[in-house]
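Peer 1: Right, I'll just put the structure down here and ask away after.
The values are calculated or read from the model by the stated rules, or taken from the named source; none is laboratory data. Note that the structure is predicted; figures quoted are calculated from it, not measured. Note that each Cβ is placed from the backbone with ideal geometry, even for glycine, and that neighbours are counted across all protein chains shown.
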Amino acid sequence: MAISSDIIPNNVDLDSNRKLQKALVAWQPRFLEWWNDMGPRGYQQDMVYLRTAVSVESSGWAHYDYVRMPEYRWGIFLTPNDPNRTIGFGDQMGKPAWQQVPGEYRKELRRLIVTQCDTEPASVEQQRLLGDTAPSLYDMRNLFQVNVEEGRHLWAMVHLLHEYFGRDGREEAEDMLMRRSGDVDSPRILEAFNKPIDDWLAFFCFTMFTDRDGKFQLGALAESAFDPLSRATRFMLTEEAHHLFVGDTGIGRVVRRTIELMAQREDRDVTQLGGIPLTLLQKYINEWYSASMDLFGSEDSSNSATYFSAGLKGRFGETNGKTYEDHVALETYRDLKWMEEGRLTNHEIPMRRAMNLELADSYRKDCSSALNRWNKFLEEAGLADRLYLPELSFNRKVGVFSEHDYDVSGNPVAHNDFASGCVEWLPSEADKAYVKSLMVPCLELGKFANWIAPPRKGIQSNPIEFPYVQFHDKQTTEA
Ligand SMILES: [Fe+2]
Ligand SMILES: [Fe+2]
């Protein structure tokens, strides 16, 4: 049995690629089984207004229509081939990009692809219960859009495993459907993808901070000498932009609503009105930002040096002609201070070993621009409160800062002081319970839950009052 490209939209010539067809015939039904088990619970029969990529042309990559999620057409797309592409950095800079996996880097490339790939189904699993507490139809649709596209990203990476890694690749592709986020015996590979996302504030923080790590990882892989990986990740980045938009504007809308509620009370205590206090939002930011920082890996890393030297993974914007001049990075260093033997000590890290740090810097800048937008809302409302990003060293479980405790401003602190400071810095069980208490579904057409402001506009020039989800078993109530 063959799988036609009507079922799997693609630009990898699936119709004539027998080997790939054969692999997908076995994998696709298992994927659907996984989706039905682990995808959004309770909404699989509903019609959702979704975009689907049906080709890579600007007219085709975002096709909007009502779809039942299990009938979504998960496609395989690579950004079109540039036959003259050369390696843009590292020891082999200037040589032609690779169309096949070189034997000497097979292990490293597989590891990079598997690690990225594993995050895609993980996030769907983390978010599978959120539909039940959606603050609006608009938000519910955005959640499902993110979910189906993470499913497509799984396809994009599994395609690489099937096509270029033979039997090992097929086994890795199987394992993608076996591991489970948060499972004790068979967890997802990276820690932030085992954290539960059980309220919408966490969802917005995840899409703002953790998906944004994804943007930078994908951007670094888009520079790869292994051309199919570069082309797959480039196309994934076009979809990723919407996920980040969901997080960025989601938190922005929480800030705007909180400002409105603050104005209604002299003591500005929005918890009396069912709102999310800025201090509580800040704790969520601290938690998700620091967990996402861990995803970059150690600031001083021999793996990152190997990846860079070999041309497997570059920096963000490595070859855009604007960000970096030196693509060999053999003679420069990064200074970084961390605690060693009880003292804050400066370390000179050879640049190639500091590539994770470089990537994390680009990420931080990107996060800061969202913070500036949210702070603008506060400023315009005449409030002195400001939101911030904690320093790199705060609350780290991975990397050079993980051995010692640091406060949100980056000062080393004794372990006891850290533990007591966390009351102020990280959400407590009571904080999470409060946020959870606000999570009541709001499915009335054009209405929004009390704790969040409506968006400025709807999806794809549709109005905000638009039936973004049509339920098969319940009526969407008219406002
Ligand atoms: Fe993704
Ligand atoms: Fe994403």
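Peer 1: Can you tell me which residue among Lys283, Lys215 is more than 14 Å from ligand 1 (Cβ to nearest atom) and basic (Lys, Arg)?
Peer 2: Working: Lys215 fails: more than 14 Å from ligand 1 (Cβ to nearest atom).
From the options Lys283, Lys215, the qualifying one is Lys283.
Peer 1: Need pairs with beta-carbon distance below 8 Å; first residue within 19 Å of Leu244 (Cβ to Cβ) and more than 13 Å from ligand 2 (Cβ to nearest atom) and within the stretch 117-130, second part of a helix (DSSP H, G or I) and at pLDDT 95 or above; sequence gap 6+ or separate chains.
Peer 2: Going by the 8 Å Cβ cut-off, the qualifying pairs are Leu130/Leu143; Leu130/Trp200; Leu130/Phe203.
Peer 1: Test Arg73 against the stated conditions and say whether it is within 24 Å of the chain's Cα centre (by Cα), surrounded by 14 or more Cβ atoms within 10 Å (Cβ to Cβ), within 18 Å of Val148 (Cβ to Cβ) and in contact (Cβ under 8 Å) with a residue 60 or more places away in the chain.
Peer 2: Against the criterion (within 24 Å of the chain's Cα centre (by Cα), surrounded by 14 or more Cβ atoms within 10 Å (Cβ to Cβ), within 18 Å of Val148 (Cβ to Cβ) and in contact (Cβ under 8 Å) with a residue 60 or more places away in the chain), Arg73 qualifies.
Peer 1: Also, quick follow-up: Mind telling me which of the residues Glu287, Glu266, Glu260 ends up being over 30 Å from Thr119 (Cα atoms), in contact (Cβ under 8 Å) with a residue 60 or more places away in the chain and not hydroxyl-bearing (Ser, Thr, Tyr)?
Peer 2: Residue meeting the stated conditions: Glu260.
Peer 1: Which number in (1) away from ligand 1 (no atom under 16 Å from the Cβ); (2) out of contact with any strand residue (DSSP E or B) (no Cβ under 8 Å at 6 or more places or on another chain) marks the one condition that Leu137 misses?
Peer 2: (2)
Peer 1: With respect to Lys195, determine if the residue is at pLDDT below 95 and surrounded by fewer than 24 Cβ atoms within 10 Å (Cβ to Cβ).
Peer 2: Yes, satisfied.
Peer 1: Cβ-Cβ under 7 Å, sequence separation 6+ or interchain: first residue in the stretch 199-225 and on the phi < 0 side of the Ramachandran plot, partner of a type outside the set (A, V, I, L, M, F, W, C) and within 9 Å of ligand 2 (Cβ to nearest atom). Which pairs?
Peer 2: Thr207/His243; Asp211/Glu240; Asp211/His243; Gly214/Thr119; Gly214/Glu240; Lys215/Glu240; Leu218/Glu240
Peer 1: Now for a separate question. Within the stretch 454-477, does at least one residue satisfy the condition of being assigned to a loop (DSSP other than H, G, I, E, B) and more than 30 Å from His63 (Cβ to Cβ)?
Peer 2: No: the stretch 454-477 contains no residue that is assigned to a loop (DSSP other than H, G, I, E, B) and more than 30 Å from His63 (Cβ to Cβ).
Peer 1: Next question, about the same structure. On the given criteria, is Asp183 closer than 22 Å to Phe296 by Cα and either outside any helix (DSSP H, G or I) or within 15 Å of ligand 1 (Cβ to nearest atom) (or both)?
Peer 2: Details: closer than 22 Å to Phe296 by Cα: no; either outside any helix (DSSP H, G or I) or within 15 Å of ligand 1 (Cβ to nearest atom) (or both): yes.
The answer is no for Asp183.
Quick grid of which residues meet (1) modelled with pLDDT of 95 or more; (2) more than 23 Å from the chain's Cα centre (by Cα); (3) within 21 Å of Asn10 (Cα to Cα):
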| residue | (1), (2), (3) |
| --- | --- |
| Val54 | no, no, yes |
| Trp61 | no, no, yes |
| Asn81 | no, yes, yes |
| Met93 | yes, yes, no |
| Ala97 | yes, yes, no |
| Gln100 | yes, yes, yes |
| Glu104 | yes, yes, no |
| Arg111 | yes, no, no |
| Pro121 | yes, no, yes |
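Peer 1: A further question on this structure: For Glu172, only one of the following conditions fails: (1) closer than 30 Å to Glu465 by Cα; (2) more than 13 Å from ligand 1 (Cβ to nearest atom); (3) in a helix (DSSP H, G or I); (4) not aliphatic (A, V, I, L, M). What is its number?
Peer 2: (1)
Peer 1: Looking at Gly182, Gly169, Gly219, which one is under 23 Å from Thr133 (Cβ atoms), modelled with pLDDT of 95 or more and small (Gly, Ala, Ser)?
Peer 2: Values: Gly169 fails: under 23 Å from Thr133 (Cβ atoms); Gly219 fails: under 23 Å from Thr133 (Cβ atoms).
Exactly one residue qualifies, and that residue is Gly182.
Peer 1: What's the total number of residues in the stretch 1-13 that are crowded, with 17+ Cβ neighbours inside 10 Å and either touching a strand residue (DSSP E or B) at 6+ places or on another chain (Cβ under 7 Å) or under 22 Å from Phe144 (Cα atoms) (or both)?
Peer 2: 4
Residue-by-condition table, conditions (1) touching a residue at least 60 places away in the same chain (Cβ under 8 Å); (2) within 30 Å of Asp300 (Cα to Cα); (3) surrounded by fewer than 18 Cβ atoms within 10 Å (Cβ to Cβ); (4) β-branched (Val, Ile, Thr):
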| site | (1), (2), (3), (4) |
| --- | --- |
| Phe401 | yes, yes, no, no |
| His404 | yes, yes, no, no |
| Ser409 | no, yes, yes, no |
| Pro412 | yes, yes, no, no |
| Asp417 | no, yes, yes, no |
| Ala433 | no, no, yes, no |
| Ser437 | no, no, yes, no |
| Val440 | yes, no, yes, yes |
| Lys447 | yes, no, yes, no |
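Peer 1: I need every pair where a residue in the stretch 27-47 that is part of a loop (DSSP other than H, G, I, E, B) has its Cβ under 9 Å from the Cβ of a residue that is surrounded by 14 or more Cβ atoms within 10 Å (Cβ to Cβ) and basic (Lys, Arg), sequence separation at least 6 or different chains.
Peer 2: Gly39/Arg128; Pro40/Arg128; Arg41/Arg128; Gln44/Arg68; Gln45/Arg68; Asp46/Arg68
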